[in-house]
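Asker: One structure coming up, written as C-alpha cells, with questions to follow.
We did not get these values from a lab; they are worked out from the coordinates using the rules stated. Predicted model only: the values in this text are computed from it and were never measured. Note that each Cβ is placed from the backbone with ideal geometry, even for glycine, and that neighbours are counted across all protein chains shown.
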Amino acid sequence: MTAGDQTDTLPLANVLIVDDQDAKRLALAAALEGLGQNVVLASSGREALRLLLGQEFAVILLDVRMPGMDGFETAALIRSRPQTETTPIIFVTAHDRAEADMLGGYSLGAVDFIFSPVQAEVLRAKVGVFVDLHLKTLTVQAHERRLRELEARAAQAAQDRLRREGERERRAAQREMRKLSSAVEQAADPIFITDRAGRFEYVNPAFEAMTGYARAEVLGQHVSLLWPDDEVVARMEAVWVGLLQGEPYRGEVRHRRRDGSFYHKEKTLTPIRDERGRITHVVSTGRDISDRKRIEAQLVALNASLEVRVQERTAQLEDVNTELEAFAHSISHDLRTPLRHVASFADLLRRDVETHGLPPAVVRRVGIIQDSARRMDHLISGLLEFARTGRQNLRFQPVPLAAVVDEVVGQLAHEEGGRPVDWVVGELPVVHGDLTALRQVVTNLLSNALKYSRPRERIRIEVWGETRGGEQVVHVRDNGVGFNMAYQDKLFGVFQRLHSPDAFEGSGIGLSNVKRIVARHGGRVWAEGREGEGATFSFSLPCPPGGGEAGAAVPEAERVG
C-alpha cells in the first residue's frame, strides 16, 4: 500500500525538514511534493523540537551542519524524549563529511543518510519507505483501536446483557421471595426458622397463634422454650445433633404453649445449607395434631372398654351355648323318650283295634295319634339339626358345586324310585366354603324343588350358576306348585310353611338351615315364584379373594333322568 492509497482513509503523513538554509529546505520540500504528504519545515534544531512537541512525524530530514545546535545535538534531544525516540531520522550531509558524520549519526539512531547535492528520486524513494511504514503503522493502530472499540462495545453489550439478565433474575427472585414470604406468612401451619444454635430468627403468624408467643418475645430465644420436660429436651437435643450432621427429622413432638398448656405437633425439621455447603439454619414446618392424639387416646380407652365388654359378652354367649347344649340334650333325650312311648303304645293300640274289629272312627283316631307322633319326631329332629347348623365349625376350601350337585341328584333320583325327572344342570362355579355345609344347602334346595314338583306329570328342575357384582350366584328353578310372593318373607323362617302338612311333608326347617349356612358364609338367599307356575330359589356367596381355583366354572352339562 502506498502513501497515496491511504489518503482516503488516513490523514496525511507529516515529514519534517530541518535545515538552516532556506534554499536547501525548499529544494528538499520540492523533491517530496510527489509523495503527496504534509511537509513541515524547520530552520533550526530548537524549532524542530518545538514542532515535535505538538505533532507526530513519519520521518525527519535533519541537516547535520547547523549553527547553534547541530543535527547531532538535535537528534540526541529527539531520542531522549519517549514520544519521539522511535521516529526515523535521515541525516542530510555533504560527501566530504560522509564518513565522520555517518559514524556519529548511526550512534544516535539514524536510519539513513542523504548526501548533498540531493537527488530527488533517491530522496523520495527513501522518505517514501518510511512514509509507507508510518501509514501502515497508523493503519495497524487504527485497526487495533477499532478492534479495541469493538471489543469494548462487545464487552459493554455483554455487560449490559448480563446486567439486564441479572436485573430480570433479581426481579424474578424478588417476586419469588415475595411469593414465598407471603405463602409462609399466610400458611395455616406453624413455621419457624432458627440459626444452627437453635435460636429463633423467624416465626410466622400461625406459630404465634398456636403457641401464644408474640414474634418479638421469641426472636433470639432458644427453641427449647417450647420443650415441656426433660424427656423431650433429651430427645430434641439428640435430634439437633443429627440436624447439624445434615439429617432431616420427621416425627411427633409434644410442645408447651405460653400459658403452660400442651399440644402435639407433627413436624419436620430440615437443615439449610449455604452456598459452601455449611449448615447455617434449621427450618421447622408442621401441623397441630392435638385433636388426633385426643381421639387416639379416646379410641384406646374405648378399645379397652370394648375388650372388656367383648369378654363379658363372650362369657355370656358361652353360657347361652351351654344352655343350648343342655336344651338340645333335653330335647334329644328327655322329650323323645315319652314321644317314643306314645308312638309305641299307639302301634300296640292299632294292632288291638285291627284284631278286635273296632269301629272305623277308632281306627282313624289311632292313625292320627301315630301321624302326630311321627310329625313331632320329625320336628324334634329338624330343631336339633337347626341348632347344630349354627354351632358347627366351618372349614373353608374350594368346593366344586358341579360335583356336589351330581352327588345329590344321584341320591334324590334313587329316593324317587325311578320316577322320571328332567335334571338340567348348567355351568356351576367352584366356590370357597365348607363342603359339608354347602352339600346340605344343595340337598335342601334340590329336595325342596323335587317335593313341590311332584304334582306335575313331568318334573323339570334346572340348576345353574353365574358371577356378578363380586358374587357367585346359584339358582334352582322348578316347575312345581310355586308360591304367593306376598308371603316370601316366611319362606326361610323356622317352622314357617306356605302349604299344609297334609299336602307336602316336611318340618319347615330345611330352608331355615339354608339361610343360616349361607349367612355364615357371608352370602344371602332369596326366592321368586308364582302360584301354579313354579319357583326359583337362589343363594350367593362372595367371590374368593384373588380368584385362583375357586371361582372357575365347570363346563356346562345337561342330564335327563
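Asker: Which order do the peptides 152-165, 464-477, 263-276 take when ranked by the mean count of other beta-carbon atoms within 10 Å per residue, highest first?
Answerer: Ranked by mean Cβ neighbours within 10 Å, highest first: 464-477, 263-276, 152-165.
Asker: In Å³ and rounded to a whole number, note down the convex hull volume per residue for the Cα atoms of the stretch 187-288.
Answerer: About 90 Å³ per residue, rounded to a whole number.
Asker: Sticking with this one: Quick one: pull the percentage of alpha-carbon pairs in the stretch 4-146 with a separation above 20 Å.
Answerer: Cα-Cα pairs of the stretch 4-146 separated by over 20 Å account for 44 percent.
Asker: Give the distance, in whole Å, between the Cα centre of the stretch 245-306 and the Cα centre of the stretch 158-175.
Answerer: 40
Asker: Towards the positive end of the charge dipole of the stretch 392-542, with charges on Cβ (+1 Lys, Arg; -1 Asp, Glu), say which of Q472, G523, V399 has the farthest Cα.
Answerer: Towards the positive end, the residue furthest out is G523.
Asker: When only C-alpha pairs under 8 Å and at least 6 residues apart count, what is the relative contact order of the stretch 187-288, in percent?
Answerer: For the stretch 187-288, the relative contact order is 29 percent.
Asker: Moving on. Place the peptides 113-124, 513-524, 449-460 in order of packing, highest mean first, counting for every residue the other Cβ atoms within 10 Å and averaging per peptide.
Answerer: 513-524, 449-460, 113-124
Asker: If you don't mind, there's one more thing I want to ask. I need the fraction of alpha carbon pairs in the stretch 392-542 separated by more than 29 Å, rounded to a whole percent.
Answerer: Cα-Cα pairs of the stretch 392-542 separated by over 29 Å account for 12 percent.
Asker: Going by amide H atoms built from the backbone, whose H comes under 5 Å of the H on C543, apart from near neighbours?
Answerer: Under 5 Å from the amide H of C543 lie the amide H atoms of E471, Q472, each far enough along the sequence or on another chain.
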